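The values are calculated or read from the model by the stated rules, or taken from the named source; none is laboratory data. Not measured: the values here are computed from a predicted model. We place every Cβ from the backbone using ideal geometry, glycine too, and count neighbours over all the protein chains shown.
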Amino acid sequence: MTEMETQIIQAALQGQAQGYRFLMNRYGRQVQLLVAQWVTDMRDVEELTQDVFVRAFEHLSDYDPERASFGTWLSCIAHNMALNHLRSQGYESLPLNEEQYSPPDASQWAQDDEASSEAERLALLDKAIDNLRPEERSLLHMRYYEGHSLGEIAEVMEVPAGPLASRLQRIRQKLSKLIGI
Amino acid sequence: MKTTTDNHIDKLLHEAMKQRAAKVPPLADDFADKVLGSLGSLTPRPLQKKRELKFWPLVVAACMVGFVVIFLAPPKSTEEQQPLALEESEVVEQPDVAEVVEQPVPETSDKSDKAEPIKPRKVHKPHKLSKFVEEPLLAEAEVNASHLEEIERGAAEDVHPIHPEMNDPYLAIMEQMKDIRSRGERVRQEVAQLIDRH
């Protein structure tokens, strides 16, 4: 976290909300993309992203810079709010630290003929990712797009890192098998 | 250890997630304004002080309870402890039996000719006094052996056994002490006489 971020957070805590715009410009896209792994409707994504920043502002005093970066803290709020949003619509999440979990059968996504080119493999992979559970898509997004470590992801998702790594490995194996590599 | 397959799937996943992110439209331009509008009336919650657990009241309370239990509870019956206390008081009241017992030191053969006065030796171990009777006190001195045997025989007869009815062992020892002292005094006088004769 930069010195400027620290000053902005301090100013916001003293009631100066205008500096908060800087943080929204900096982390808005990150939060939006994370929420988009959970919610497909883009209007809901934008609304949820706004709600995340409002919630973060309200709880700014709870933020501890020594415990996590501001981005990780925001991701944690976004993760929880997106999960609650889906739950309010009847979604039952599967805990990511569930050891016995295995990804859904991918045979239904596979095409009859094997993917020959890299582009075809990517298209197939994209389709397969669409069929993953939201928490699994979120896991892949944080790992492969944002480049977070497993420890950071575990902190965001509030699960132990060990089972999370096992789960990620199983997803990768299943996807590898699906696209024929 | 990562295999080629692992590297390949990782690379494809990187690319796939990048493409998926690119498909998500950017946030609206007025996104920040909307959020700031929502924040208009809001202020961050004041920083809540963490509750500090204070243990000292519990410690004080525990001490008070302990005090009440120890000092205000009715005392236990002391019947069992009384005999022991009596024994201890008797021990204290007894005169010190470790009084100095003057005992003639047996002379060595080298010193016997010089006829120096015999220095009494101090004995501080009263529990060994019973052995004192049996020790050949003048064995090494150059005195008349037959006379010494007589003295010892007489001394042994003078020692009174502990009276069976006497319950207090300290009193019995005191009686023996008196006998031993008188006997020792007699022996000393006789030895002095013998030395004078020589």
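Could you tell me whether segment A:158-178 includes any residue that is modelled with pLDDT under 90, among the small types (Gly, Ala, Ser) and either over 16 Å from B:Ile9 (Cα atoms) or more than 18 Å from the chain's Cα centre (by Cα) (or both)?
There is at least one residue in segment A:158-178 that is modelled with pLDDT under 90, among the small types (Gly, Ala, Ser) and either over 16 Å from B:Ile9 (Cα atoms) or more than 18 Å from the chain's Cα centre (by Cα) (or both).
Any residue in segment B:6-19 that is more than 7 Å from chain A (Cβ to nearest Cβ) sitting within a Cβ distance under 8 Å of a residue that is surrounded by fewer than 16 Cβ atoms within 10 Å (Cβ to Cβ) and not in a helix (DSSP H, G or I)? List the pairs, counting only those 6 or more apart or interchain.
Pairs found: B:Asp10/B:Lys2.
List the helices (runs of 4 or more DSSP H) inside segment A:1-100, counting only whole elements, that have at least 2 residues being touching a residue at least 40 places away in the same chain (Cβ under 8 Å) and within 11 Å of chain B (Cβ to nearest Cβ).
Passing ranges, in order: A:3-13, A:20-36.
Among the residues of segment B:27-36, which ones are within 7 Å of chain A (Cβ to nearest Cβ) and either surrounded by fewer than 17 Cβ atoms within 10 Å (Cβ to Cβ) or not in a helix (DSSP H, G or I) (or both)?
B:Leu27, B:Ala28
Based on this model, can you work out whether A:Glu136 counts as modelled with pLDDT of 90 or more and either more than 24 Å from A:Glu152 (Cβ to Cβ) or surrounded by 16 or more Cβ atoms within 10 Å (Cβ to Cβ) (or both)?
In short, yes.
Please work out which one of (1) at pLDDT 85 or above; (2) in a loop (DSSP other than H, G, I, E, B); (3) under 42 Å from the mean Cα position of the chain (by Cα); (4) not small (Gly, Ala, Ser) is the condition B:Pro74 fails and give its number.
Of everything listed in (1) at pLDDT 85 or above; (2) in a loop (DSSP other than H, G, I, E, B); (3) under 42 Å from the mean Cα position of the chain (by Cα); (4) not small (Gly, Ala, Ser), B:Pro74 misses just condition (1).
Residues to consider are B:Ala32, B:Ala62, B:Ala16; find the one that is within 26 Å of A:Asp44 (Cα to Cα) and modelled with pLDDT of 90 or more.
Answer to the check: B:Ala16.
Among the residues of segment A:131-167, how many are over 22 Å from A:Glu118 (Cα atoms), part of a helix (DSSP H, G or I) and facing chain B (nearest Cβ under 10 Å)?
So the count comes out to 1.
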